[in-house]
Amino acid sequence: MKKQLLSAFCLLALSLSGCNTASNNETSGTTNSDTPAAVQPLITGAIPDQDPEKLQRLYGLLADYLSAELDIPVEYRPVTDYLAAVTAFKVGDLDLVWFGGLTGVQARLQVPGAEAIAQRDIDAEFHSVLIANVNSGLGELATDADLVQVKGKTLTFGSESSTSGRLMPQYFLEQAGVSLDDFQGEVGFSASHDATIQLVEAGTYALGMVNEQVWNTRVAAGDVDTNRVKVIWRSPAYFDYHWVISPAVDERYGEGFSEKVQQALLNLDPANPEHQEILELFGAAQFIPTENDNYAEIEAVGRQIGKIQ
């Protein structure tokens, strides 16, 4: 009898223990093996080349679009500067990044297997412009050789790692026989194209190197006083902005996921009003495919001026 009572007591204790375990699981939020784990978000980012509020709106819209197309959560994570974008991609904090030509090369050199997958239609033949305060005394420079006329003036670039706001303009200046030592005082670095425009318009600097697409967009929006600042030179064409994706996404979401992301970007259609808003904010008619080899010239120039070791 004692053995029977002992057995019954053990069974009762096990039953209560099971109930408590189930109750604890419910209250603690844990799930059993049959419940699918939450999908890790795809994290996008971009070099902060323009006003942060505009970037937040642009990449917020894009994240919503990609979430729907890829059927996974997509989040935009802002960074403080160009170097931070490269570093975040390197350490895996960003999966998909809108880089300039130089930062894209820098990032891919640090992440083996990273791929350039898409660019805007305008990025295959991109241009910088040299803007001048009207009091600079400079008129339009008809040829690249005329860049020698900028000697003795004050100049600001954008970010130190900007392709259109520093790298290629410095290269074209050097090709014309103009070094940074030829300018009055130290050359400035404004951190963004918008800031460069504002500094030259205010007369803080006589000259500034700017992304042509940003310049045209700001002028069209009425954000620039063209009575105070004007374009005096347009650079030769070069490859610039592009999307770079980490090889880690294929490991996380399955083989071929990079191609799905690329196709989603290529599918942005200007005939669709929601897509058109995104494309207009990017200053593009559409996205087109690109590849790492398109940025060989950017890499060579980057090494030449010491931005790539």
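The values are calculated or read from the model by the stated rules, or taken from the named source; none is laboratory data. Computed from a predicted model, the values in this text were never measured in an experiment. All Cβ positions, even for glycine, are placed from backbone atoms using ideal geometry, and neighbour counts span all protein chains on display. Side chains included, ligands, DNA and RNA excluded: accessible areas come from the protein's heavy atoms. Shrake-Rupley method; radii C 1.70, N 1.55, O 1.52, S 1.80 Å.
The table below lists the values:
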| quantity | calculated |
| --- | --- |
| Test: residue in the range 168-184 that is in contact (Cβ under 8 Å) with a residue 40 or more places away in the chain, outside any helix (DSSP H, G or I) and open to solvent by less than 30 Å² (accessible area, probe 1.4 Å) | no |
| Among residues of the range 135-151, those that are part of a helix (DSSP H, G or I) and loosely packed, with under 15 Cβ neighbours inside 10 Å, counted | 3 |
| Count of residues meeting criterion [open to solvent by 20 Å² or more (accessible area, probe 1.4 Å) and either of a type in the set (A, V, I, L, M, F, W, C) or over 13 Å from residue 296 (Cα atoms) (or both)] in the range 103-126 | 9 |
| Count - residues of the range 71-96 that are open to solvent by less than 10 Å² (accessible area, probe 1.4 Å) and over 17 Å from residue 302 (Cβ atoms) | 3 |
| Listing of helices (runs of 4 or more DSSP H) fully contained in the range 218-297 that carry 3 or more residues being aliphatic (A, V, I, L, M) | 257-266, 273-282 |
